[in-house]
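Undergrad: What follows is a single structure, and I will ask about it in a moment.
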Amino acid sequence: MRNALGLMLASVVAAVVIAAGGWFYYSASADQGAPKTVAARAADPLPAQAKIAARDDVATTATIAAKPTAVAQAPAPAPAPVAPVQPKQACANPNALGVARVVEIDTTGGPGFGFEHFKQFDFLTDKEVVLTFDDGPWPVNTPAVLKALADECTKGLFFSVGKHATYHPEILRQVLAQGHTVGTHTWSHVNLNSKKMTEQQVKDEVEKGFSAVRFALGTNPAPFFRFPQLQHNPAMVTYFGTRNVAMFSTDIDSFDFRKGATPEKIVETVMTRLDKLGKGIILMHDFQKHTGEAMPALLARLKAGGYKVVQMKAKTTFQTLPEYDEALMKDMKVPTAGTNTRPIGSVVQTVSQ
């Protein structure tokens, strides 16, 4: 029995020792406190490209993305090259007179130019001139004028007589092909103020002239017109307002049509008047032989005097009246098949050369 009591006592002591050891271990651990936390270091900022890549992983719907910063913005794609409609051809003459500027005329309502008759539109500045030529096209003479202009890389405005245009359409096409402006000068160069002319005859002269020039060119001319002998018919001035045709008078008449005119006289007449006025629209005639002969010297004088050429172009082309187109074809005994009214470029094209 004494042994049993000893065994029980030993068990109790062992239990007390074990409990005390566990308490001591727990107390020691508790005295150390909760584990201290250390603030995490802020992440290094991503480079710009990494930021964009990260954003690309996020799908955004129904929102507009904010404008990227200058750093993050990708360069815009380069625009596709645009080919010029009509590349400017280099002038072979480095000292050419050339063309100082080109003006485009809105012919709505029939404006007038040339201070001899029209005072409203003073568009030329000091030392500027417009070169104009009447009565062509004509063999030898018109090509001589064209060559002189081409040698100086400059441009003019040609008022063609309709009948002459039907005689020599190939020459008038050269005028247009070389970049000059082509207007009209009636069908047969009659005085539209003549008492022998009825109102209908005057209209016929004008409209038939436009149709003839259109036929010769194979395309519509400019809505530019000059009255023969500068005889402005009041009724036609009003009519041109309804047809949106600009009318031309002059500032400086070369008088190259007069008997006894020589190239030297033509140059002196033009330059004397021009030096007095300082600028202006010059009236000449590519129909006249002496005009072609005078052109090289005249252009040289213009250049030496510091004058500059202005080319006049129209904003739109002139639309001929079908009845006059048909009447012209009938008078010329040209077959009136529908294809005859088409531009030559739509009928005949070079496919190999």
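The values are calculated or read from the model by the stated rules, or taken from the named source; none is laboratory data. Here the structure is a predicted model, which means the values were calculated and not measured. Virtual Cβ from ideal backbone geometry, glycine too; neighbours counted across all protein chains shown. We work out accessible area using only protein heavy atoms, side chains counted, and drop any ligands, DNA or RNA first. Shrake-Rupley method; radii C 1.70, N 1.55, O 1.52, S 1.80 Å.
Undergrad: Label points 7 Å out from Cα along the Cβ direction at Ala92 and Ala177: separation in nm?
TA: 1.5 nm
Undergrad: Can you pull the one-decimal nm distance between simple spin-label points at Lys147 and Ser194, each 7 Å off the Cα toward Cβ?
TA: In this crude spin-label approximation the distance works out to 3.5 nm.
Undergrad: Could you check the simple spin-label distance between Phe255 and Lys330, using points 7 Å along Cα→Cβ, in nm with one decimal?
TA: Simple spin-label model gives 4.5 nm for this pair.
Undergrad: How big is segment 110-179 by the Kirkwood estimate over distinct Cα pairs, in Å?
TA: Result for segment 110-179 stands at 13.6 Å.
Undergrad: Accessible area per residue of segment 233-342 at 1.4 Å probe, in Å²?
TA: 51 Å²
Undergrad: Tell me which lysines have Cα within less than 19 Å of Lys127's Cα, excluding those fewer than 8 residues away on the same chain?
TA: Lys119, Lys155, Lys276, Lys279, Lys303, Lys308
Undergrad: Within 12 Å, Cβ to Cβ, of Leu146, how many net charges do the neighbouring residues add up to if Lys/Arg are +1 and Asp/Glu are -1?
TA: 0
Undergrad: Computed over the Cα atoms, what is the radius of gyration of segment 118-224 divided by 2.2 N^0.38 Å, N being its residue count?
TA: 1.14
Undergrad: Give the peptides 121-134, 102-115, 193-206, 171-184 in descending order of average Cβ contacts within 10 Å, highest first.
TA: Answer by packing, highest mean first, reads 171-184, 121-134, 102-115, 193-206.
Undergrad: Further question on the same structure: Compute the signed sum of charges (Lys and Arg +1, Asp and Glu -1) over the other residues within less than 12 Å, Cβ to Cβ, of Met332.
TA: Working: positive: Lys163, Lys208, Lys330, Lys333; negative: Asp325, Glu326, Asp331.
Local net charge: +1.
Undergrad: With only Lys, Arg, Asp and Glu charged, each at its Cβ (+1 for the first two, -1 for the last two), find how big the charge dipole of segment 211-333 is about the Cα centre; round to the nearest 20 debye.
TA: Using Cβ point charges on Lys, Arg, Asp and Glu, segment 211-333 gives about 280 debye.
Undergrad: Enter the Cα centre distance for the pair segment 94-154 and segment 241-303, rounded to the nearest angstrom.
TA: A separation of 10 Å, based on Cα centres.
Undergrad: Which value in Å does the Kirkwood hydrodynamic radius of segment 239-314 take, with 1/r averaged over all unlike C-alpha pairs and then inverted? Each step should come with its number before you reach the end.
TA: Numbers: mean 1/r = 0.0736 Å⁻¹.
With all distinct Cα pairs of segment 239-314 included, I get 13.6 Å.
Undergrad: Mind checking the full-extension length gain between Gln229 and Tyr167? Use 0.36 nm per residue of separation minus the Cα-Cα distance, one decimal, nm.
TA: 20.2 nm
Undergrad: Another question, if that's okay. Based on the Kirkwood radius over alpha-carbon pairs, what is the Stokes-Einstein translational diffusion coefficient of segment 185-296 at 25 °C with 0.890 mPa s viscosity, in µm²/s?
TA: So the translational diffusion coefficient is about 157 µm²/s.
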